[in-house]
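Just below is one structure, and these are the notes that go with it.
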């Protein structure tokens, strides 16, 4: 499968489970808003959200604040990588559907 197909697969998964993803044009990752999901995981910010997500689903993300120099920016975002095997993204879908 090509990267644009993997990107579409992850984008659709994220959209379906409640993230607000931004579709990139040329990257190998997707930034997604987490506002509508923070309460489900009882997370106060992007860092606690990322920790709780991996504990509950096995899906790893990078907190959005990691990418901004200004304090507080990116606190409602996480980053997912889609340059993975199809089977891995299918497991991501299964894991995220659990939240």
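Remarks
- Extreme residue, surrounded by the most Cβ atoms within 10 Å (Cβ to Cβ), among residues of the stretch 69-89 that are touching a strand residue (DSSP E or B) at 6+ places or on another chain (Cβ under 9 Å) and assigned to a loop (DSSP other than H, G, I, E, B): 82
- Of all the listed residues (34, 62, 99), the sole one being under 13 Å from the mean Cα position of the chain (by Cα) and at pLDDT below 95 is 99.
- Check on residue 92, in contact with a helix residue (DSSP H, G or I) (Cβ under 9 Å, 6 or more places away or on another chain), crowded, with 18+ Cβ neighbours inside 10 Å and not in a helix (DSSP H, G or I): no
- Residue check for residue 17: touching a residue at least 24 places away in the same chain (Cβ under 8 Å) and under 16 Å from residue 61 (Cα atoms): yes
- Failed item, numbered, when residue 6 is tested on (1) under 17 Å from residue 96 (Cβ atoms); (2) free of Cβ contacts under 8 Å to residues at least 60 places away in the same chain; (3) out of contact with any helix residue (DSSP H, G or I) (no Cβ under 6 Å at 6 or more places or on another chain): (2)
- Residues of the stretch 33-65 that are under 10 Å from residue 99 (Cβ atoms) and assigned to a helix (DSSP H, G or I): 52, 53, 56, 57.
The values are calculated or read from the model by the stated rules, or taken from the named source; none is laboratory data. Treat the numbers as computed from the prediction; the structure is a model and nothing was measured. We place every Cβ from the backbone using ideal geometry, glycine too, and count neighbours over all the protein chains shown.
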